[in-house]
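All remarks here apply to the structure that follows.
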Amino acid sequence: MLTSQLFAGDDLLQRIADGSPERISRFQNSTAPAVLKVQQALLIWDAAALPLHGADGTYGSETASAVVRFKVTELLAPPDQLVDDVGPRTVLRLDEIAKAAEPAPTPVEPTAFVRQDVYDLQPDGAPLHPIIAAYAVAVRELKRNAGPQHRLWSFHTQVHGMSPDPLDGLRNQCQHFCWYFLPWHRMYLHSFEAICRSIIAESDEVDDDTKATWALPYWDYDRDGTRELPPVFREPTLNGAPNPLFEPFRNPGLNSPVLFQGEAAPRLARLVPAQTTARGWFFATPYSDRFVPAFGGTETGFNHGNAPGATPGPLEITPHGSVHVFVGGRMNDFNQAAGDPIFWLHHCNLDRLWEVWRTSTGLGLDPRGSRFVDQTFEFLDAAGARIEPTCGSVLNVANLGYSYADTSIPASAGAGGPMDDPNRGPQRPPDKRNAPRRVGAVDEPVRLQSGARDVEFSTDAPATRGDERFLVAVEHISADDLPKAEWGVFLQPTSGDPVLVGTLPLFGLRESNQPDADHELSYVFDITALVHVLDAEGRWDADRFRAKLAQVNAVPVNGEPEPEVVIGTIALLVQ
């Protein structure tokens with residue numbers, strides 16, 4: 001089979017190469033299309049081979065003389081066998097010369113690696129997808145915990161959290177409850193993904209197409225049919241061997257069906273819409289605030305989770321915290337969360353949702369000050385070298401070489417909000433606001449363990465609407481352990497059903513309840529838009545705040561008794 005780009009696919013040349021009696025000569029096939037190709041090959045062999053006519057497509061005396069010289073020089077043909085036609089040996093040798101002269105193929109690099117939804121890659125019941133299989137290869141290699149530091153699963157887990165702190169600038173660094181939460185985790189994902197890609201590139205188990213395009217998948221759990229743990233992560237074995245994506249210590253119902261309270265038949269655990277909704281974060285602005293979370297969290301310095309005044313933004317609460325506590329096991333703990341392979345798909349989705357916000361509601365609202373854009377964090381790259389990206393350098397994912405298969409606005413965001421056109425950002429709101437003032441609060445701690453709890457207190461909230469923001473603060477939360485029940489905070493209008501404000505996933509509770517923590521876990525929910533709607537409908541009482549706390553998810557039967565959750569205070573704030 002002829003292999004050069006010049007000769008491949010030419011039927012006449014292929015027949016001659018295969019031993020056909022046909023020839024190219026002055027008397028046979030002298031003007032066939034193959035003649036021009038032979039002449040071009042002769043010129044590759046010797047640029048002066050056809051000085052008079054060049055490659056003119058006609059097999060005349062000049063071409064015949066060049067073929068004879070070629071046979072003498074390249075084929076070492078004896079004088080008594082010299083014929084001025086093109087036969088099999090001539091075709092094959094010219095093909096080799098043309099092939100050798102071709103430039104080396106340029107590897108096809110994607111303009112950006114595309115991160116895809118794990119459920120789109122592999123729906124329930126579908127065969128293992130190569131992208132997911134390659135991720136398993138990388139995780140298995142990392143879990144060997146043998147080799148340089150950047151290729152140890154234990155190292156990547158410790159980057160997120162480690163006790164005691166090794167003080168090496170690389171481990172125990174995760175940023176939570178502050179405006180660095182999203183950029184730090186973007187850097188963390190990018191470093192981990194690059195290291196996984198380098199492992200995959202070396203593997204004999206992964207095909208070349210997958211190696212060339214592999215990117216970390218994400219888990220979009222905010223859709224019907226995707227709320228259960230992705231199938232491949234539930235299986236103890238993969239292709240007859242232990243599954244590196246399986247984690248046995250997850251919550252009951254994650255890996256196999258269990259019976260839930262109030263239900264008749266066992267089933268897999270699944271997230272509920274209240275734990276995944278975009279309603280809380282999608283309309284949040286600005287990116288950050290000194291006093292309240294806004295979208296990305298309060299403006300702090302380096303914060304591993306317990307800095308004074310640190311409060312998570314709505315995306316860090318739901319779905320971030322909700323999914324961590326839903327999965328349970330290692331995912332419940334800062335120091336172990338990254339040890340569950342689903343962690344990386346979860347945070348990949350959060351990174352995607354940040355990009356959804358940045359290109360819609362948050363268009364033009366990236367922080368601009370040096371405290372944010374110049375803030376650096378240390379990681380290891382695919383070669384194991386230290387790198388120090390800045391928060392400003394990771395705002396645009398195109399600069400990082402990846403994109404997402406889907407950055408459309410989630411259906412759960414609902415209608416309304418700060419803009420009509422999803423391609424146009426809102427006018428930039430004022431960057432600076434005064435500290436919010438407390439206009440009312442409960443008189444005693446609120447205790448949650450079973451059943452709903454009603455909360456009611458008087459307020460001196462303004463009766464007329466200006467540009468103030470209304471906020472609900474749920475502060476100083478403590479418990480002996482993380483409950484499996486997730487509590488929702490519902491605002492109770494003067495008439496009609498309660499309206500969900502947000503949930504209390506309590507991820508980070510263990511860390512915030514440590515003796516050396518500066519403050520206990522707290523959440524702040526922006527209810528400004530809801531207050532405006534209820535006020536317009538005549539269902540908002542500015543003098544009396546009413547709320548209900550109720551469980552939003554199902555809890556397995558025969559589990560450990562649920563710990564009591566104690567909320568130090570619930571307050572209404574106006575900023």
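Here are the numbers for the structure shown:
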| quantity | calculated |
| --- | --- |
| Mean separation of Cα contacts under 8 Å (6+ apart) over length of the chain, as relative contact order % | 14 |
| Sum of -39500 (n - 2.57) over DSSP H runs of 4+, divided by residues of the chain (222 nm, nearest 500) | -7500 deg cm²/dmol |
| Burial order of peptide ranges 535-543, 469-477 (average beta-carbon count within 10 Å, highest first) | 469-477, 535-543 |
| Relative contact order, percent, region 424-575 [alpha-carbon distance under 8 Å, six or more residues apart] | 46 |
| 22 Å tail of the calculated P(r), region 459-552, as % of Cα pairs | 37 |
| Principal-axis tilt of helix 181-202 within the chain, Cα atoms, nearest 10 degrees | 30 |
| For residue 250, residues with placed amide H under 5 Å, excluding near neighbours | none |
| log₁₀ of I(q)/I(0) at q = 0.16, 0.19, 0.22, 0.23 Å⁻¹ - region 11-101, Debye sum with one point per alpha carbon | -0.55, -0.81, -1.13, -1.25 |
| Protection proxy ranking, peptides 379-385, 565-571, average beta carbon neighbours within 10 Å, highest first | 565-571, 379-385 |
| Charge dipole (debye, nearest 20) of region 11-101; +1 at Cβ of Lys and Arg, -1 at Cβ of Asp and Glu | 40 |
| C-alpha long axis of helix 88-101 to longest principal axis of the chain, angle in ° | 40 |
| Simple Cβ-charge dipole of the chain, Lys/Arg +1 and Asp/Glu -1, about Cα centre, in debye nearest 20 | 280 |
| Dipole of region 248-320, positive end: most advanced residue of 248, 294, 315 [Cβ charges, Cα centre] | 248 |
| Estimated vicinal HN-Hα couplings, Hz - region 275-281 in sequence order (Karplus 6.51, -1.76, 1.60; Gly, Pro = x) | 8, 10, 4, 8, 4, x, 9 |
| Placed amide H near residue 501: partners under 5 Å, 5+ positions off or other chain | 489, 490, 491 |
| Overall form of the chain per C-alpha gyration tensor (a/c, 1.5; a/b vs b/c) | prolate |
| Peptide ranges 184-196, 261-273 listed from the most packed, as the mean C-beta count within 10 angstrom indicates | 184-196, 261-273 |
| Rounded tilt (10° steps) of 61-74 against the dominant C-alpha axis of the chain | 80 |
| Karplus (6.51, -1.76, 1.60) ³J(HN,Hα), θ = phi - 60°, over region 210-225, in Hz, Gly and Pro reported as x | 5, 4, 6, 10, 4, 9, 4, x, 10, 10, 8, 8, 9, 9, 4, x |
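Every number in this text was worked out from the coordinates using simple rules, so none of it is lab data. What you are looking at is a predicted structure, and each value in this text was computed from that prediction instead of being measured. Note that each Cβ is placed from the backbone with ideal geometry, even for glycine, and that neighbours are counted across all protein chains shown.
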